[in-house]
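Following: one structure in structure tokens, then a few remarks.
The values are calculated or read from the model by the stated rules, or taken from the named source; none is laboratory data. Remember, predicted model here, so these are calculated numbers, not experimental data. Here the Cβ positions follow ideal geometry from the backbone for every residue, glycine too, while neighbour counts run over all protein chains shown.
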Amino acid sequence: MAHTVKHDRDNCIGCGACVMVCPKFWEMGDDGKSVLKGNKDNQLEISDEDVAINKEAESSCPVNVIHVD
Ligand code: SF4
């Protein structure tokens with residue numbers, strides 16, 4: 001089953017926690033906010049095996065702008 005990671009990038013404060021926890025999927029952008037690698041419109045389809053690590057990123061975000069469905 002496909003899952004989706006969504007990043008409310010407008011409200012990202014650039015703390016870097018998601019990048020620390022899940023560098024496979026997250027990196028810092030030139031503007032100081034994080035970037036969901038390979039995203040389209042700040043969303044990315046992920047497979048079952050990548051849900052847990054992105055859930056960790058979701059949990060690590062202090063402003064709750066990462067959502068894993
Ligand atoms: S943890 Fe949240 S606020 Fe911090 S860089 Fe990642 S998305 Fe932005």
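Listing for the model above:
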quantity: Cβ pairs under 6 Å, 6+ apart, first in region 13-41 and in contact (Cβ under 8 Å) with a residue 24 or more places away in the chain, second of a type in the set (F, W, Y); calculated: C18/W26; S34/W26
quantity: Pair list, Cβ under 6 Å, 6 or more apart: region 53-66 residue in contact (Cβ under 8 Å) with a residue 24 or more places away in the chain and farther than 10 Å from I13 by Cα, other residue assigned to a helix (DSSP H, G or I) and more than 6 Å from the ligand (Cβ to nearest atom); calculated: E56/V21; A57/V21; S60/V21; I66/A57; I66/E58
quantity: Hey, A57 touching a strand residue (DSSP E or B) at 6+ places or on another chain (Cβ under 7 Å), hydrophobic (A, V, I, L, M, F, W, C) and either at pLDDT below 95 or surrounded by fewer than 15 Cβ atoms within 10 Å (Cβ to Cβ) (or both) or not; calculated: no
quantity: Selection within region 1-38 - surrounded by fewer than 17 Cβ atoms within 10 Å (Cβ to Cβ), of a type in the set (V, I, T) and more than 9 Å from the ligand (Cβ to nearest atom); calculated: T4
